[in-house]
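Visitor: Have a look at this one before I ask anything.
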Amino acid sequence: MSSELGARLSAIDEKIADAARLAGRDAGEITRIVVTKFHPASLVRELHALGVREVGENRQQELSAKTAELGDLDDLRWHFIGQAQTNKAAAIRRSADAVHSIDRDRIADALHRAADDDGILDVLVQINLTDDPGRGGVAPAAARALAEHVLSLPSLRLRGVMAVAPLDEAPASAFDRLRTVADGIRSLDPEADWISAGMTGDFTEAILAGATHLRIGSAITGPRPDRG
Ligand SMILES: *Cc1c(COP(=O)(O)O)cnc(C)c1O
């Protein structure tokens, strides 16, 4: 079990290194987040034993349950990558080290209001790369205004942009658009230099387009258990 997980992890890390080389980039500047949604906390513990320190979850309840169960692993960094609801903002803030899915002013406001100490939460503006406003994220044309709003909230640190590639377009061209948006956001604040993009099916293209944070699930964890 564990050795299979370790083998998949090293195989993906080799592919990341290959893609970085191809892109003329240093693989050390790319953070590989392992998306563990729908898998039990025990899998996260196995990943931790294999050296994984960055993990991603997309549902608040699951994030809260796993961080509670794995409280002894205090060097894990939890990335919240799912749609965030304002009434869950306090719970998300308690458990997450970074929130990739800021798609409207109200969720930024709610996360800011939930700050209970001097802590600073890393956040990314999620960009919708499709023409369908029903998909997650803010339209590229509205990204700058949202980023400026985040910058006005002192308990949030704007770290950059996040996106999921559309299903009906080559990921490379979508990620090129994301990069343009990312450049504009970084010009507002040099700390906003993360580009969170690339999943199991398209992380090579994402690396070529400048992604700094990959969110890879099934290629490492194996197929996700039934969502029930
Ligand atoms: C599930 C998920 C991933 C990982 O997907 P895989 O295809 O399993 O690598 C990445 N990003 C988001 C936003 C997700 O919800």
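The values are calculated or read from the model by the stated rules, or taken from the named source; none is laboratory data. The model shown is predicted, which means the values in this text are computed figures rather than measured ones. When we count neighbours, we look across all protein chains shown, and the Cβ atoms used for this are built from the backbone with ideal geometry, even at glycine. SASA here: full protein model, heavy atoms, side chains in, ligands and nucleic acids out. Shrake-Rupley method; radii C 1.70, N 1.55, O 1.52, S 1.80 Å.
Visitor: Does any residue of the stretch 41-48 turn out to be among the hydroxyl-bearing types (Ser, Thr, Tyr), without any contact (Cβ under 8 Å) to a residue 12 or more places away in the chain and either closer than 20 Å to residue 147 by Cβ or open to solvent by 60 Å² or more (accessible area, probe 1.4 Å) (or both)?
Guide: Yes, because at least one residue in the stretch 41-48 is among the hydroxyl-bearing types (Ser, Thr, Tyr), without any contact (Cβ under 8 Å) to a residue 12 or more places away in the chain and either closer than 20 Å to residue 147 by Cβ or open to solvent by 60 Å² or more (accessible area, probe 1.4 Å) (or both).
Visitor: Determine if the stretch 24-34 includes at least one residue that is surrounded by 15 or more Cβ atoms within 10 Å (Cβ to Cβ), within 16 Å of the chain's Cα centre (by Cα) and of a type in the set (Gly, Ala, Ser).
Guide: no
Visitor: I've got another one for you. Out of (1) surrounded by 17 or more Cβ atoms within 10 Å (Cβ to Cβ); (2) without any contact (Cβ under 8 Å) to a residue 40 or more places away in the chain; (3) under 19 Å from residue 182 (Cα atoms), the odd one out for residue 129 is which?
Guide: (2)
Visitor: Can you tell me which condition residue 37 does not meet? The list is (1) open to solvent by less than 50 Å² (accessible area, probe 1.4 Å); (2) more than 16 Å from the ligand (Cβ to nearest atom); (3) not in a helix (DSSP H, G or I), and all the others hold.
Guide: (2)
Visitor: Another question, if that's okay. Among the numbered criteria (1) over 16 Å from the mean Cα position of the chain (by Cα); (2) in contact (Cβ under 8 Å) with a residue 60 or more places away in the chain, which single criterion is violated by residue 98?
Guide: The failed condition is (1).
Visitor: Given the condition under 23 Å from residue 216 (Cα atoms), away from the ligand (no atom under 15 Å from the Cβ) and under 17 Å from the mean Cα position of the chain (by Cα), answer yes or no: does some residue in the stretch 41-54 qualify?
Guide: Yes: one or more hits.
Visitor: Follow-up. Out of (1) charged (D, E, K, R); (2) within 12 Å of the ligand (Cβ to nearest atom); (3) open to solvent by 20 Å² or more (accessible area, probe 1.4 Å), what's the single condition that is false for residue 157?
Guide: (2) is the only condition that residue 157 fails.
Visitor: Please work out if residue 66 is in contact with a helix residue (DSSP H, G or I) (Cβ under 6 Å, 6 or more places away or on another chain), open to solvent by 30 Å² or more (accessible area, probe 1.4 Å) and in a helix (DSSP H, G or I).
Guide: no
Visitor: In addition: Kindly indicate the residue of the stretch 69-113 that is in a helix (DSSP H, G or I) and among the β-branched types (Val, Ile, Thr) and also farthest from residue 42 (Cα to Cα) among those meeting that condition.
Guide: 107
Visitor: Considering only the stretch 187-228, state which residues are open to solvent by 40 Å² or more (accessible area, probe 1.4 Å), more than 14 Å from the ligand (Cβ to nearest atom) and part of a loop (DSSP other than H, G, I, E, B).
Guide: 187, 188, 190, 191, 193, 226, 228
Visitor: Now a separate question. I'd like to verify a number: residues in the stretch 64-98 that are of a type in the set (A, V, I, L, M) and within 19 Å of residue 116 (Cα to Cα), how many?
Guide: The number of residues fulfilling the criteria is 8.
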